[in-house]
1. Name the pairs whose Cβ atoms lie under 8 Å apart, with the first residue in region 1-24 and closer than 15 Å to residue 60 by Cα, the second open to solvent by 80 Å² or more (accessible area, probe 1.4 Å), and 6 or more positions between them or separate chains?
2. Kindly list the number of the only condition in (1) within 16 Å of the ligand (Cβ to nearest atom); (2) not assigned by TED's automatic domain parsing to the domain that holds residue 16 that fails for residue 82.
3. Just to be sure I understand, how many residues within region 97-118 are more than 10 Å from the ligand (Cβ to nearest atom), closer than 11 Å to residue 128 by Cα and not polar (S, T, N, Q)?
4. Taking region 2-45 only, how many residues are on the phi < 0 side of the Ramachandran plot and over 19 Å from the mean Cα position of the chain (by Cα)?
5. Quick check on region 57-85: of everything there that is under 30 Å from residue 7 (Cα atoms) and polar (S, T, N, Q), which residue is surrounded by the fewest Cβ atoms within 10 Å (Cβ to Cβ)?
Amino acid sequence: MNFFKRFMHGRYGMDQLSFTLLIIALIILIISRLLLPILGYFALAIVVYAYYRFFSKDIKKRQGENMKFLSVTKPMQMKIKNKRLLIFGTKTHKYYKCPKCKQMLRVPKNKGLIQITCSRCKKEFIKKT
Ligand SMILES: [Zn+2]
């Protein structure tokens, strides 16, 4: 364990981009096993690149790549997060989209039928919470 700590000193380690790359590689690997064996090399190349980033000592550059990755995928992440909120809500709140302007609206859970007024366009609609 001490050896590993010393070895990793000054190295970049794991981030969201490397983690995503490994997940993608895993999916490609599964597809390659089922359909197209040649894709296995592609998956391997992605894994090698993820490990290269993991052990890299150029931390500034790796952080820059990760920041770029996060900013590019942010709209998609927000969409997924909003979808999850609309379906499941949280422990205390439910989420609805305004039927007129599509604004996300948060209302308390377990209040029965309530009239919701959109904070943006003032459209009123009734939902069960
Ligand atoms: Zn609205």
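The values are calculated or read from the model by the stated rules, or taken from the named source; none is laboratory data. Not measured: the values here are computed from a predicted model. In this analysis, Cβ positions are derived from the backbone assuming ideal geometry, glycine residues included, and neighbour counts consider all displayed protein chains. Surface accessibility is based on the protein's heavy atoms, side chains included, excluding ligands, DNA and RNA. Shrake-Rupley method; radii C 1.70, N 1.55, O 1.52, S 1.80 Å.
1. Hits for this filter: 10/57; 11/57; 12/57; 12/63; 15/63.
2. Checking residue 82 against (1) within 16 Å of the ligand (Cβ to nearest atom); (2) not assigned by TED's automatic domain parsing to the domain that holds residue 16, the one that fails is (2).
3. Within region 97-118, residues that are more than 10 Å from the ligand (Cβ to nearest atom), closer than 11 Å to residue 128 by Cα and not polar (S, T, N, Q) number 7.
4. 27
5. If we take residues in region 57-85 being under 30 Å from residue 7 (Cα atoms) and polar (S, T, N, Q), then 63 is surrounded by the fewest Cβ atoms within 10 Å (Cβ to Cβ).
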